[in-house]
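Report on the following structure.
The values are calculated or read from the model by the stated rules, or taken from the named source; none is laboratory data. This structure is a prediction, so every number in the text was calculated from the model and none was measured. Here Cβ is always computed from backbone atoms with ideal geometry, including for glycine, and neighbour counts include all displayed protein chains.
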Ligand SMILES: *Cc1c(COP(=O)(O)O)cnc(C)c1O
């Protein structure tokens, strides 16, 4: 059995150290515990140990676990198909993976139907990797403008990125830094439905480097819950 509470303690220390390097405090960085493939029991252990936010990358997993998990903020962090938005619109507090106008328009419609405003992040693919979802850096500004003009039930809270894998995360720091630059640039846009607060970058193997580059939200799974075993699913 994985020592979830102990792992969280170690991660908090690493977050604190990395935040200091970039002139910030541990509290300036939100830890989202990524619970894909994990049971409600495991997630509840993490919540009892202080986790306030959890992330899932599949709509089905959110629906399966929602009732059995203690009150917590849910984040949709994975690729989201437009036809599934309706299942999670009243369950998640933020959607990190908005990468097209079509998806934003569907979120806007469903949020309107529930009478809510949905917080979203735009997923940027700063390394231009074919295999990853996300918008290219030069498309981001026009997507922001389009959403602000037409999606009155969406609030844009920032950017999200998944860096390419590297054995040495220092090698990919440049991608994080590039997204941070964009984040600073777009946060100056003056609009009532743009409130840049989150730069979602960093996973188990690269979160300290991402924080040093300016991330203020890290999505950490296996370092908390242990290696994932997809065969169990
Ligand atoms: C799985 C996942 C994570 C967490 O990955 P770990 O390597 O287990 O920390 C973070 N972000 C996204 C989008 C994911 O799908």
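Data table
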{"read-out": "Boolean, residue 129 is away from the ligand (no atom under 16 Å from the Cβ) and over 26 Å from residue 47 (Cβ atoms)", "value": "no"}
{"read-out": "Filtered residue count, segment 40-68, keeping only those that are outside any loop (DSSP other than H, G, I, E, B), farther than 14 Å from residue 78 by Cβ and more than 16 Å from the ligand (Cβ to nearest atom)", "value": "10"}
{"read-out": "Segment 93-105: number of residues that are more than 17 Å from residue 146 (Cβ to Cβ) and in contact with a helix residue (DSSP H, G or I) (Cβ under 7 Å, 6 or more places away or on another chain)", "value": "0"}
{"read-out": "Residue check for residue 142: within 13 Å of the ligand (Cβ to nearest atom), free of Cβ contacts under 8 Å to residues at least 40 places away in the same chain and over 19 Å from residue 94 (Cα atoms)", "value": "no"}
{"read-out": "Conditions (1) modelled with pLDDT of 95 or more; (2) outside any loop (DSSP other than H, G, I, E, B); (3) more than 19 Å from residue 134 (Cβ to Cβ); (4) out of contact with any strand residue (DSSP E or B) (no Cβ under 7 Å at 6 or more places or on another chain); number of the one not met by residue 191", "value": "(2)"}
{"read-out": "Scope segment 204-233; condition more than 9 Å from the ligand (Cβ to nearest atom), assigned to a helix (DSSP H, G or I) and in contact with a strand residue (DSSP E or B) (Cβ under 7 Å, 6 or more places away or on another chain); matching residues", "value": "210, 211"}
